[in-house]
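Written below as structure tokens is the structure these notes are about.
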Amino acid sequence: MLNPNSRSLYTSALTPPPGMIFDEAIATTFSMDPALLLEAPVYLALMVADGQADPDPLSVLEAIRRYSKRMTVYVQKGRIQVPQIAKPTPLFGLLEEMVVEVTAPGGGVFHPKIWAIRFISPDQSSSMYRLVVLTRNMTTDQSWDLSLQLEGTIAGQKSNLNEPLAYFFKALPDLSSGMTKSERNEQSIRFADELHRVQWELPDGFDELTFYLPGTKGFDWEPPMANRMAVISPFCSDETLRALAKKSKAADALISRPESLSALKKDTIDLFTQCLHLDDAAETEDGEEGDVTEQQLATGLHAKVYLFETRNSDFTHVVMGSANATNAALRASKNIEILVGLRGKKSKVGGIDELLGADGLGEYLIDFDATKKIETNSVRQEAEESVEKARSLISDTALSVDCNLGSKDGLWDLVLIGKIPSLKGIVSAYAWPITILSTFAVDILDNDNHSMINLGEFSASSVTGLIAFELKPKHPGVTARFVLNLPVTGIPDERNSAILQTVISNQDGFIRYLMLLLGDDSESGLDPGNGSGFTKWLAQLAAGEDIPLLEELTRAYSRHPQRLEEISKLVRDLSQGKPNTIIPDDFLNLWNIFETAIGGRDA
């Protein structure tokens, strides 16, 4: 239980169980890095786990095309991060429909971190769900985190224990801060219905599972009366910790960040037998200073876990999820959170002593020294508060993007529509589409008409509603950068075609992408060693072998006719807006035969 040496990659949860393939998924997160979101469809289609450090751009494009319509991510509005990559990509524009920005009513934040993933058998005769409850966001943050993975099959009858889960997923569309496509709303309702009927397999040693939605009537979390208790939470408040301590005869341990512990009152600290934090020296595997390697341990703390020992310490309750030990999360319940509880016999799953022992977190923890108060920089703190208020103001403003023909052929003019509010304490504010470099950002404060700000003229492939903002106060060390997924009017019809053409730039690229369309991902799955599907074709192309197009088109015509429709669309898209120099003449001659055959079959 809570073994720090058991680690997994964020995307590994998407790997299908044996005999199953990925169908669709819904994820929720407080903050999100678009670059990390791109990894999810790429992982599914390109087997990132095989060690490819630089996936083929064509394969990336096809992965997004195949999976983006089946994955939806709900994220707190104003908390999409500006991608930390050297060169932006027009592929970010394809994420617009996947990302739904949401807000929590009552002044809180949308804070749950959970994945619900649906897998099906290749013949679609059976399906199952995987639920991944996380304590981390969809970012590249390297903090210590915790995840719980559950799997189950769909039964005919609804289960009472899944009622909070069904309620949560059904409510997601109502939290949206803007218009979302009906397909996304229908997906949420469908997931809610099926998750209500899932029979979960419990982790070894545990015999009871419970879901909680703190602050939601009927689904709230009430800590059990316990003999012993331990709390792991990076952020804490005095009132919440005191309320938790009252539920236990002994509050054995509080594990948090040094700055959070330093901000607590002495009376609160004294309630706990031990107050601990991660040892800064535990940054590398061997605990010694040196170069950071791939084996580097996570630094900082982001896990949220509540452990209780009940019935004379015979049973262990583990409650984990998104909720910190703060008033907003657990007492005032302003935030939208999700928790999952597991109960098992202590003799089978361990308890607090095991958590704090050598086989648990013990070797990575040190006692908090209350005499070493962390000095707060009031000037910096004021600057941070200014940028967060400014972030909220811009996020709450009704903004949109208007796209029109530019002054030069092939360019499109993007205009930010909406009055930028007064941003107290902010000395500079910039905006730019995330598909281009930030060097092209425009000042949104130094503008005569604050309700219409020209962002510039861009190629069709760079047109997007994902607009990045940068806010800076007077303090030189404080900056807020974030992205809003704004509604766009006038997106050129050729936008997606232009994105396609930036990746498929020559005849070789066309043939390789064609092979991806003809490949059968239901056969190849995620096994890089079986040599089938588009993986096989990429290997053949890399080796310089000839590709039997006629044979593959004929097979697709008889087995997967829908793939020929995709090829037909590809031919149209690549022919749009420019002379046809990408598609080989030999292929066009061959393709005309198949288009005639398709037309005859449909007649």
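The values are calculated or read from the model by the stated rules, or taken from the named source; none is laboratory data. Because the structure is a prediction, the values reported are computed rather than measured. With ideal geometry, Cβ positions are generated from the backbone for all residues, glycine too; neighbour counts draw on all protein chains shown. The protein model used for the area step is the full one, side chains on, heavy atoms only, and it has no ligands, DNA or RNA in it. Shrake-Rupley method; radii C 1.70, N 1.55, O 1.52, S 1.80 Å.
A compact table of results
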quantity	calculated
Flag for residue 43 being at pLDDT below 85, buried (at least 17 other Cβ atoms within 10 Å of the Cβ), of a type in the set (Phe, Trp, Tyr) and in contact with a Ser or Thr (Cβ under 8 Å, 6 or more places away or on another chain)	yes
Residue count for the range 83-97, restricted to those that are over 22 Å from residue 397 (Cα atoms) and not in a helix (DSSP H, G or I)	7
Residues located in the range 377-389, provided they are among the polar types (S, T, N, Q) and free of Cβ contacts under 8 Å to residues at least 40 places away in the same chain	377, 378, 381
Within the range 430-479, tally of residues that are of a type in the set (A, V, I, L, M) and touching a Pro at 6+ places or on another chain (Cβ under 9 Å)	9
In the range 106-125, the residues that are in contact (Cβ under 8 Å) with a residue 60 or more places away in the chain and farther than 18 Å from residue 186 by Cα	106, 107, 108, 109, 110, 111, 112, 113, 114, 120, 121, 122
Selection status of residue 387, open to solvent by less than 20 Å² (accessible area, probe 1.4 Å), aliphatic (A, V, I, L, M) and over 30 Å from residue 108 (Cβ atoms)	no
Lone unmet requirement of (1) at pLDDT 95 or above; (2) open to solvent by 10 Å² or more (accessible area, probe 1.4 Å) for residue 112	(2)
Conditions (1) closer than 29 Å to residue 382 by Cα; (2) in contact with a helix residue (DSSP H, G or I) (Cβ under 7 Å, 6 or more places away or on another chain); number of the one not met by residue 442	(2)
Considering residues of the range 321-345 that are in a loop (DSSP other than H, G, I, E, B) and modelled with pLDDT under 90 only, the residue least open to solvent (accessible area, probe 1.4 Å)	333
Residue check for residue 348: touching an Asp or Glu at 6+ places or on another chain (Cβ under 8 Å), touching a residue at least 12 places away in the same chain (Cβ under 8 Å) and either open to solvent by 30 Å² or more (accessible area, probe 1.4 Å) or not in a loop (DSSP other than H, G, I, E, B) (or both)	yes
Which numbered condition residue 492 misses (of (1) open to solvent by less than 50 Å² (accessible area, probe 1.4 Å); (2) in a loop (DSSP other than H, G, I, E, B); (3) within 20 Å of residue 383 (Cα to Cα))	(3)
Verdict on residue 147 being surrounded by fewer than 22 Cβ atoms within 10 Å (Cβ to Cβ) and touching a strand residue (DSSP E or B) at 6+ places or on another chain (Cβ under 9 Å)	yes
Within the range 419-484, strands (runs of 3 or more DSSP E) holding 3 or more residues that are under 19 Å from residue 384 (Cβ atoms)	426-433, 466-473
Qualifying positions in the range 358-371 - open to solvent by less than 30 Å² (accessible area, probe 1.4 Å) and over 15 Å from residue 231 (Cα atoms)	364
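Listed here are the residues, each with its yes/no results for (1) assigned to a helix (DSSP H, G or I); (2) among the hydrophobic types (A, V, I, L, M, F, W, C).
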position	(1), (2)
132	no, yes
136	no, no
150	no, yes
162	yes, no
165	yes, yes
168	yes, yes
173	yes, no
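One line per residue, one yes/no per condition, for (1) more than 30 Å from residue 215 (Cα to Cα); (2) among the acidic types (Asp, Glu):
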{"residue": "332", "(1), (2)": "no, no"}
{"residue": "335", "(1), (2)": "no, no"}
{"residue": "339", "(1), (2)": "no, no"}
{"residue": "342", "(1), (2)": "no, no"}
{"residue": "352", "(1), (2)": "no, no"}
{"residue": "362", "(1), (2)": "yes, no"}
{"residue": "367", "(1), (2)": "yes, yes"}
{"residue": "373", "(1), (2)": "yes, no"}
